[in-house]
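These notes concern the structure reproduced below.
The values are calculated or read from the model by the stated rules, or taken from the named source; none is laboratory data. Treat the numbers as computed from the prediction; the structure is a model and nothing was measured. Every residue, glycine as well, gets a Cβ built from its backbone with ideal geometry; the counts of neighbours run over all protein chains shown. All accessible areas refer to the heavy atoms of the entire protein, side chains included, with ligands and DNA or RNA removed. Shrake-Rupley method; radii C 1.70, N 1.55, O 1.52, S 1.80 Å.
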Amino acid sequence: MSRDEPSNLQVGVCLISTRDIPPLSIILADNPAVVAPNQSSPPVCLGCLQSVDGSSVCPVCSYPMCSEECCTSSVHTQECGVLQGVHQDREDSGGVNYQIVAVIRLLSVRETDSQVWAQIDELMDHEEERRQDVGEWKMSQRDVVDVIKPLKNEVDDDLIHRLIGLLSINCVGVSLKKERIQGQALYPLLSLVSHSCVANARYAVNPEDFSVVLRAKRDILEGEEITINYLPHIYGVPKRKMEIANQWY
């Protein structure tokens, strides 16, 4: 497997098979750089992303939690003091501001893990295209940038908008019904895999640690681009095209 720069500049870096890959073979395994609730979400635990009723919260920041273990996890301990200053008034998320969580966690990666950040920093954020949607850009400014800046004085608007773009373009949804887990995750390697409606690979997320494994769905020939389907198969072709254009430009 190798990285390649395709001739279509809108695609960005992609993954190309360096050998023939039989069906069900593991193509790659990856760990998440960021795991977080969706921007608009029903109440979920900030630690494990399991659905909760909102009755149990962190005593410091007041974000929903499912247990003391999640409340004292290393990820939440790092962000708790920052989240403490967030005003909770999001009606679409049970009064909880989930929009900023992924951004704050990615900012922490940038500050504390230079190796992982170097991988993330190479990904596309489609800033130029996102700026053209003036309404969406202003909403990001109001709901995310202007909320985070007073909490993290050392960051500026451009950096926060860059993080928003990296997350919105490259995160994959994590929906595990059996475990009642709902959220999003950013994977440094999996993010390099392009979309195809007739994808040749499929990924599965481990609910224990959110690690991901990408396997071949069929025979993949040497030199063939590795692809996954970004959208559920139940989407028809017109809706799929619209969603791809709106979300991934």
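Residues of the range 189-222 with an amide N closer than 14 Å to a point placed 7 Å from the Cα of Asp113 along the Cα-to-Cβ direction: 189-191, 209-212. Separation of the range 139-167 and the range 32-74, taken as the distance between their Cα centroids, equals 21 angstrom. In summary, the aspartates and glutamates within cross-link reach of Lys177, defined as a Cα separation below 15 angstrom excluding same-chain residues under 8 places away, comprise Glu208.
Based on C-alpha pairs under 8 angstrom that are at least 6 apart in sequence, the range 108-239 has a relative contact order of 18 percent.
Within the full protein context, the accessible area of Glu79 is estimated at about 10 Å² for a probe radius of 1.4 Å.
Here the 3J(HN,Hα) profile of the range 176-181, calculated from phi with Karplus coefficients 6.51, -1.76 and 1.60 at θ = phi - 60°, is 10, 5, 4, 8, 6, 10 Hz, Gly and Pro shown as x. Extending 7 Å from the Cα toward the beta-carbon at both Lys152 and Leu221 defines two label points whose distance is 4.5 nm. Stretching the chain fully between Ser55 and Thr72 yields a gain of 4.4 nm (0.36 nm per residue, less the alpha carbon separation).
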